[in-house]
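Data first, discussion second: the structure below is written as structure tokens.
FYI, it's all coordinate maths here, none of it is from the lab. Just so you know, these numbers come straight off a predicted model, no measurement behind them. Neighbour counts are summed over all protein chains in view; Cβ atoms, including those assigned to glycine, are modelled from backbone coordinates with ideal geometry.
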Amino acid sequence: MAFLLLALGVGMLLLGGTLLVRGASGIARSFNVSTMIIGLTVVAFGTSTPELVVNVTGVLQGQTDLAFGNAVGSNLANFGLVLGFAAVLSPIYLQGQVVRREVPFLLLVTAILMVMAADDSLSGTAPTLDRGDAIILFLLFTVFVYMMVRDVMQETGDPILVEAQHFPVSPSRSNLFINSIIAIGGMVLLVYGGDMTIQQGAVIAELLEVPEVVIGIFIVAVGTSLPELVTSGIAAFKNETDLALGNIVGSNIFNSLVVLPVAGIIRPLPIPDGGDLDLAVGFFFVLVVIPLFVFSNARLGRRAGAALLTSYFLYMVYRFTF
């Protein structure tokens, strides 16, 4: 029953996130916002709303290990599962400059998170993502937003910006009232789905006698990463590979610079056992991808995608077992 209720909670999160993106996209269209801007902001960040809701709910209920596991596990799933799956579907070619700048920025952000999680080694205190750390991460997010705005204004011919113009938006774009109702309905589902997911995740962790962070990484994070899996898979299938990679990188940046800091602002977030290893593996995924693009003619092929998938599943088995 706990597994069924968890699946129901994740389903509510996914449906709520979809409705929120649909309604918000329609509202933006009502105010004549371009499809490209909607694709790069509302749709791109909207796919991370399930992670955000789960983290806020988890921290408010004191389930900080689940919250940490969900955010960090989503980053692992995005690069190991989603990017690997997208590359297996269609080789990922990195053509534009926008994503070329975002990937090293994500590497920097992940390195900063690793340093923040090393309190025991650096200062002899319990590793914690405190409010000071969260504020620094928020400030880094403003840098990312500045980079995005500059790219939209200057890199008009970049592939990811061109591909973002083809993002599907709400067909009822002119009806502000209906889109507002859709968005509100999505938020309600997100709230209830987040509460159910956190509660049942804690129950399952107790039943299986595993740490809550493992359930967050292994089950909750994969469930909340399904929007990125669908979005990037469709983009890769359409050969919009910059968009596929940009969606993954943007989601990881949002998780690291918004989802985790929001939790840290509400309540200092203790780093659970193994959390430093999770961050290190996430850093490794990004670090490996960069030379693949640099030395393979800016191409992430099917073999590399299969290797990412295999590495991800092996780490999940290790994390669940040990």
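Consider Asn247 against the criteria (1) out of contact with any Asp or Glu (no Cβ under 8 Å at 6 or more places or on another chain); (2) closer than 25 Å to Tyr146 by Cα: it satisfies all of them except one. Which criterion is unmet?
(1)
Could you grab me the full set of residues in the stretch 201-211 that are surrounded by fewer than 24 Cβ atoms within 10 Å (Cβ to Cβ), in contact (Cβ under 8 Å) with a residue 12 or more places away in the chain and either assigned to a helix (DSSP H, G or I) or aliphatic (A, V, I, L, M) (or both)?
Once the filter is applied, which keeps residues that are surrounded by fewer than 24 Cβ atoms within 10 Å (Cβ to Cβ), in contact (Cβ under 8 Å) with a residue 12 or more places away in the chain and either assigned to a helix (DSSP H, G or I) or aliphatic (A, V, I, L, M) (or both), the stretch 201-211 yields Ala202, Val203, Ile204, Ala205, Leu207, Val210.
Kindly indicate the residue of the stretch 179-200 that is surrounded by fewer than 18 Cβ atoms within 10 Å (Cβ to Cβ) and among the β-branched types (Val, Ile, Thr) and also farthest from Phe31 (Cα to Cα) among those meeting that condition.
This residue is Val191.
Of the numbered conditions (1) without any contact (Cβ under 8 Å) to a residue 60 or more places away in the chain; (2) of a type outside the set (Val, Ile, Thr); (3) over 19 Å from Ser225 (Cα atoms), Leu314 satisfies every one except a single condition; which is it?
(3)
Can you tell me which residue among Val281, Val289 is aliphatic (A, V, I, L, M), in contact with a strand residue (DSSP E or B) (Cβ under 9 Å, 6 or more places away or on another chain) and buried (at least 16 other Cβ atoms within 10 Å of the Cβ)?
Criteria check complete, one pass: Val289.
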